[in-house]
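One structure is given below, encoded as structure tokens.
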Amino acid sequence: MNAVETVLVVLLAIGFLTLIILTVVLVSLMIGVMRNLRRISQRAEEATANVADIASMIGTKIAPVAASAVIAAIVRRFTGKKGKE
């Protein structure tokens, strides 16, 4: 082998080794990011489930009150008209 060819082979080997190392580092960083995204999405799902539970609980507690208010308004409306006639 020629001296120039040896230098080129060494430079190519160093470049290839550098690219392999950068690829491994990048893949490990991406795996870490994906784990964090999975944790964040799980927390978001738990939060939405909690909000849905709270909304359904409020709905079951408020519905009878709202229905009685509507019925009371209807009764007042009809009783008020009878007294005026």
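Computed from the coordinates by the stated procedures, all read-outs in this text should not be read as laboratory data. Since the model is a prediction, treat every value here as computed from it, not as a measurement.
Things to note:
- Taken over the alpha carbons of the chain as equal point scatterers, the Debye sum produces base-10 log I(q)/I(0) values at 0.12, 0.14, 0.16, 0.26 Å⁻¹ of -0.73, -0.79, -0.86, -1.11.
- In the elastic network of the chain, a GNM with C-alpha springs shorter than 10 Å, the most mobile of 73, 52, 63 is 73.
- Helix-only CD estimate at 222 nm, as mean residue ellipticity for the chain, using -39500 (n - 2.57) per DSSP H run (n ≥ 4): -37000 deg cm²/dmol
- The chain: angle of helix 3-84 to the longest principal axis, Cα-based, in degrees nearest 10: 0 degrees
- Largest mean-square fluctuation among 56, 68, 28, in a Gaussian network model of the chain whose springs join Cα atoms under 10 Å apart, belongs to 68.
- Extended-chain gain in nm, criterion 0.36 nm per residue less alpha-carbon gap, residue 18 and residue 44: 5.5 nm
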